[in-house]
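Engineer: Okay, handing you the structure first.
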Amino acid sequence: MIHVFMNLASGGGDKNAVRDDIAGTMREAAREVTFHHIGDDALLGRIVVGADPAKDIVVAAGGDGTINTV
C-alpha cells in the first residue's frame with residue numbers, strides 16, 4: 001500500500017488534479033494508493049508506525065511543512 005499525505009490548505013495549484021494524476025499513475029503500475037490529508041496527526045502516527053517496511057510506502061506530497069509533518 002502506498003500512503004500519500006497531502007496538505008490541501010497549503011500552496012497553490014489544483015491539488016485535486018495532482019491527486020488524480022498520482023492515482024492514475026499508480027493504477028497503471030497496478031499499485032494500491034490511499035490519500036490522507038495533513039491535519040490528523042493521530043492518523044498520521046498510526047499509519048507511519050504501522051507501516052510494513054517490506055510492502056508499504058509513506059509519501060509526503062508537498063513542501064517543507066508537509067515533509068516535516070510526515
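The values are calculated or read from the model by the stated rules, or taken from the named source; none is laboratory data. Just so we're clear, the structure is a prediction, and the values are computed from it rather than from any experiment. Cβ placement follows ideal geometry from the backbone for every residue including glycine, while neighbour counts extend to all protein chains displayed. The protein model used for the area step is the full one, side chains on, heavy atoms only, and it has no ligands, DNA or RNA in it. Shrake-Rupley method; radii C 1.70, N 1.55, O 1.52, S 1.80 Å.
Engineer: Once phi is turned into θ = phi - 60°, what whole-Hz ³J(HN,Hα) does the Karplus curve with 6.51, -1.76 and 1.60 give for every residue of segment 38-55, x standing for Gly and Pro?
Structural biologist: After applying 6.51 cos²θ - 1.76 cosθ + 1.60, I find 4, x, 9, 4, 5, 5, 4, x, 5, 5, 5, 5, x, 5, 8, x, 7, 9 Hz.
Engineer: I would also like to ask the following. At 7 Å along Cα-to-Cβ for each site, give me the label-to-label distance between I67 and E28 in nm.
Structural biologist: Placing both labels 7 Å along Cα→Cβ, they lie 2.5 nm apart.
Engineer: Give me the net charge of V58's neighbourhood, meaning all other residues with Cβ under 13 Å from the Cβ of V58; Lys, Arg count +1, Asp, Glu -1.
Structural biologist: Residues close to V58 contribute a combined charge of 0.
Engineer: Using just the alpha carbons, could you tell me how many Å³ per residue the convex hull of segment 4-70 encloses?
Structural biologist: Cα-based convex hull of segment 4-70, divided per residue, equals 83 Å³.
Engineer: Over the chain, give the accessible area per residue in Å² for a 1.4 Å probe, as an integer.
Structural biologist: 64 Å²
Engineer: Using helices alone, what [θ] at 222 nm do you get for the chain, with -39,500 (n - 2.57) per DSSP H run of 4 or more residues, divided over all residues and rounded to the nearest 500?
Structural biologist: Roughly -12500 deg cm²/dmol at 222 nm, from the helical runs in the chain.
Engineer: Here is a follow-up. Relative contact order (percent) for the chain, with alpha-carbon contacts under 8 angstrom and 6 or more residues of separation?
Structural biologist: It comes to 52 percent, rounded to a whole number.
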